[in-house]
1. Looking only at the range 269-289, how many residues end up being more than 18 Å from residue 62 (Cβ to Cβ) and in contact with a strand residue (DSSP E or B) (Cβ under 8 Å, 6 or more places away or on another chain)?
2. Could you go through the range 142-153 and let me know if any residue there is surrounded by fewer than 18 Cβ atoms within 10 Å (Cβ to Cβ) and either in the same structural domain as residue 47 (by TED's automatic domain parsing) or more than 24 Å from residue 364 (Cα to Cα) (or both).
3. Of the numbered conditions (1) touching a helix residue (DSSP H, G or I) at 6+ places or on another chain (Cβ under 6 Å); (2) under 23 Å from residue 105 (Cα atoms), residue 192 fails exactly one; give the number of that condition.
4. Suppose the filter is outside any loop (DSSP other than H, G, I, E, B), under 30 Å from residue 229 (Cα atoms), touching a residue at least 24 places away in the same chain (Cβ under 8 Å) and under 20 Å from the mean Cα position of the chain (by Cα); does residue 109 pass it?
5. For the range 359-396, which residues satisfy the criterion of being assigned to a helix (DSSP H, G or I), closer than 19 Å to residue 315 by Cβ and without any contact (Cβ under 8 Å) to a residue 60 or more places away in the chain?
6. Examine the range 168-179 for a residue that is farther than 25 Å from residue 227 by Cβ and buried (at least 17 other Cβ atoms within 10 Å of the Cβ), and state whether such a residue exists.
7. Working only within the range 54-83, note down all residues that are without any contact (Cβ under 8 Å) to a residue 40 or more places away in the chain and either surrounded by 14 or more Cβ atoms within 10 Å (Cβ to Cβ) or in contact with a strand residue (DSSP E or B) (Cβ under 7 Å, 6 or more places away or on another chain) (or both).
8. Counting just the residues of the range 84-102 that are touching a helix residue (DSSP H, G or I) at 6+ places or on another chain (Cβ under 7 Å) and surrounded by fewer than 21 Cβ atoms within 10 Å (Cβ to Cβ), which one comes out nearest to residue 277 (Cα to Cα)?
């Protein structure tokens, strides 16, 4: 493929993109229009949980696309039922609504909580969320998010999302009033810098919610589907949330998300929730294939082995370069640097020759790592060696 800057001007300008076009991918590797390969430790922001073009996903798409694409959500279809049964069977939830993106699933969670508040808490509508949280890019999910600056960018915000401090139960308790209906959080704040909620905090939130008759919502768009070394991150704390959202990894690269709820909370009336493509058989057939791979014997054990390897390797790099350590859960990890050269490291890694490497810096002093869950030990070692070289180049 020939790359012309004028050609891409047909796309709306929403972010700064490098002058390269990716044309194919396999596993942990991408290839651009010039034939250059890149070791990918971003994987579409934790989307490609099985890497690029996994055989099981390709097979599911090919087979289902020849059968049925979209009968409309007004009718049942077989793959959506199969995936819903798998999710309820593996979790504490009873009902599933399929969506197309994590933001859409979170919108659904907000709507469901507010509907529940109308029926059970005299119209209570406020949902306590957290500073530095990220719940999506719709108006309501941006309002729920605690990302700095998002309170004014598309003002006025949707009302009803007071912000507490992660891992500070007193800050949550102080925000509860008669209009509070729920508490919503990411078990690990990904965009906020890979900051985990402690198990003790998650347990305290469940207790606090029970004391006040509130719902507990976990946004597992980034942490769900094996990313943290368990199928769902809430399992680390041994709690039972009322609502959970999934996205990213559930589709392994295709647009699929899910709103999961316990029976007692599933209070939508007919017409309250829907969507043209929601639960279509093509996407949910992929979800079935992904679920079956993630729950195959030995898969999650391998995720935890690779997690330990990545954690230890990042800790060694931190010690070597005088950085401030690493953190995370499972294969969602961050290297906390001692200076704001994250962007330079990302660019240098991408431009390295003969092969590049894709990294992510959500904050200037931090690198985030989201490899495929089936990344190999050799690929992690290769990434760590190359990252060491890149840091040397940037800081020379």
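The values are calculated or read from the model by the stated rules, or taken from the named source; none is laboratory data. Values in this document were obtained by computation on a predicted structure and should not be read as measured data. We place every Cβ from the backbone using ideal geometry, glycine too, and count neighbours over all the protein chains shown.
1. The first filter runs over the range 269-289 and keeps only residues more than 18 Å from residue 62 (Cβ to Cβ), leaving 269-279.
Right, trim to in contact with a strand residue (DSSP E or B) (Cβ under 8 Å, 6 or more places away or on another chain) and you get 273, 275, 278-279.
Of the residues in the range 269-289, 4 are more than 18 Å from residue 62 (Cβ to Cβ) and in contact with a strand residue (DSSP E or B) (Cβ under 8 Å, 6 or more places away or on another chain).
2. no
3. The number of the failed condition is (1).
4. yes
5. 385, 389, 390, 392
6. Scanning the range 168-179 turns up at least one residue that is farther than 25 Å from residue 227 by Cβ and buried (at least 17 other Cβ atoms within 10 Å of the Cβ).
7. Result: 81, single match.
8. For the range 84-102, the residue satisfying everything is 95.
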